[in-house]
Amino acid sequence: MKRSELPLDIGSGVYLTGHCQGIAVDTEKGFVYYSFTTCLVKTDMQGHLVGTVAGLIGHMGCISFCEEDGLVYGSLEYKNDSIGKGILKGLGLQGEVKDAFYCAVFDADRITRPGMDARADGVMRAAYLSDVVRDYLYEENGVKHRYGCSGIDGTAIGPLPGSGPDAEKRVLIAYGIYCDTGRDDNDDQVILAYDRSDIVKSALPLDQEHMHTSGPSVPLCRMFARTGNTDWGIQNLEYDRTTGDYIAAVYPGKKPIYANKPMYFFSGAEMGPGGRLRVSGVLDFPYGSTGVASLPEGLYYFSEDGGNRENGWYTHAHLYVREGKGFLRL
């Protein structure tokens, strides 16, 4: 779509499945995708509903659309913590789920009507992320959760930092991080990078009563960005087409020695030894934690969400332009 054709405001509609966790935009075909915790929503660029994919009892987080293969990728976690139990309660279900973490893969073109089921309608597969499971379940000398890992959330499609803007696009998945001011091994954002073909080839339909463990054996690399501890880690991760950097939207942390801002930029031009990423910018910008989509020509859609459990949740994707070191709403 041309810049003049992009709507300034796209409404998602109202849903009872949880607040908006992420957005993704296909400007070529003219669709917007929203993650509403346990439901993927697809609308056209005017906000008209095209389809929904439900049936999930896990927490779906940030999502990202890949132009190369037409798939929507997203983080999907199953946990027996307060979040996982809250999801089951919200769905009116009892019992427990097995701790597991996946990269969900949706066939975007097959989402054609409301009320589709993730497994029964064959529109979603998932790749098991064994490294995340190991770090989440880690316990040694009384310390739980390696790096403070609480699971996964931020998901992006883009080149490995340092490989150049025209390099092959990878799947980047960021850890959730527990907010804990009493330890210092949780001050990095942790991002795993995977080959897209490894994710797609290993992804299988997900039976939530008998969850599979098919997934990439190891990630391409593990990257670290020193931002200081943030509350629940990277909420949304997005490759910035304008700058070549990565945008990381977070809930600010609480350790006074750090900046504790809601948005960080990681340099896409370099990767240091041990997978170290350079924080190339820090921004006190209020949006991004519930969705950001980078478009050509320095344009972005940011999710501005609202609602509650009683009346339902919604979001509006508002169009912004890059201006200096920040963003200007159009």
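Tabulated data for the structure shown
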| read-out | value |
| --- | --- |
| Condition met for CYS66 (crowded, with 16+ Cβ neighbours inside 10 Å and either more than 14 Å from ALA104 (Cβ to Cβ) or in contact with a Leu (Cβ under 7 Å, 6 or more places away or on another chain) (or both)) | no |
| Qualifying residue in the range 160-178 (condition: modelled with pLDDT of 95 or more, among the polar types (S, T, N, Q) and touching a Gly at 6+ places or on another chain (Cβ under 8 Å)) | no |
| Filter pass, PRO205 being closer than 30 Å to ALA54 by Cβ and surrounded by 22 or more Cβ atoms within 10 Å (Cβ to Cβ) | no |
| Total residues in the range 184-206, condition part of a loop (DSSP other than H, G, I, E, B) and either at pLDDT below 95 or not charged (D, E, K, R) (or both) | 5 |
| Residue match in the range 242-256 (condition: among the aromatic types (Phe, Trp, Tyr), outside any loop (DSSP other than H, G, I, E, B) and at positive phi) | no |
| Selection from the range 288-303 of residues that are touching a Lys or Arg at 6+ places or on another chain (Cβ under 9 Å) and closer than 19 Å to PHE36 by Cα | PHE302 |
| Some residue of the range 84-92 being modelled with pLDDT of 95 or more and of a type in the set (Val, Ile, Thr) | no |
| Checking ASP184 against (1) out of contact with any Pro (no Cβ under 7 Å at 6 or more places or on another chain); (2) buried (at least 21 other Cβ atoms within 10 Å of the Cβ); (3) not basic (Lys, Arg), the condition it does not meet | (2) |
| Which listed residue is β-branched (Val, Ile, Thr) and more than 18 Å from CYS20 (Cα to Cα), from VAL250, VAL279 | VAL279 |
| Every pair of residues 6+ apart whose Cβ atoms lie under 6 Å, when the first sits in the range 303-330 and is among the acidic types (Asp, Glu) while the second is at pLDDT 95 or above | GLU304/TYR287; GLU304/HIS316; GLU304/HIS318; ASP305/HIS19; ASP305/CYS20; ASP305/THR290; ASP305/THR315 |
| Subset of the range 131-162 that is in a loop (DSSP other than H, G, I, E, B) and without any contact (Cβ under 8 Å) to a residue 24 or more places away in the chain - its residue that is nearest to CYS66 (Cα to Cα) | TYR138 |
| Failed item, numbered, when MET116 is tested on (1) hydrophobic (A, V, I, L, M, F, W, C); (2) surrounded by 18 or more Cβ atoms within 10 Å (Cβ to Cβ); (3) without any contact (Cβ under 8 Å) to a residue 40 or more places away in the chain | (3) |
| Where ASN229 falls short, out of the listed (1) over 29 Å from PHE31 (Cα atoms); (2) within 20 Å of the chain's Cα centre (by Cα); (3) not in a loop (DSSP other than H, G, I, E, B) | (3) |
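Condition check ((1) over 26 Å from ILE87 (Cα atoms); (2) touching a residue at least 60 places away in the same chain (Cβ under 8 Å); (3) surrounded by 24 or more Cβ atoms within 10 Å (Cβ to Cβ); (4) in contact with a Ser or Thr (Cβ under 6 Å, 6 or more places away or on another chain)) across all residues:
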residue: PHE224; (1), (2), (3), (4): yes, no, no, no
residue: GLY228; (1), (2), (3), (4): yes, no, no, no
residue: ILE234; (1), (2), (3), (4): no, yes, yes, no
residue: GLU238; (1), (2), (3), (4): no, yes, yes, yes
residue: ARG241; (1), (2), (3), (4): yes, no, no, yes
residue: GLY244; (1), (2), (3), (4): yes, yes, no, no
residue: ALA248; (1), (2), (3), (4): no, yes, yes, no
residue: ILE257; (1), (2), (3), (4): yes, no, no, no
residue: PRO262; (1), (2), (3), (4): no, no, no, no
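The values are calculated or read from the model by the stated rules, or taken from the named source; none is laboratory data. Please read all numbers here as calculations on a predicted model, not as lab measurements. Cβ: placed from backbone, ideal geometry, glycine included. Neighbour counts: every protein chain shown.
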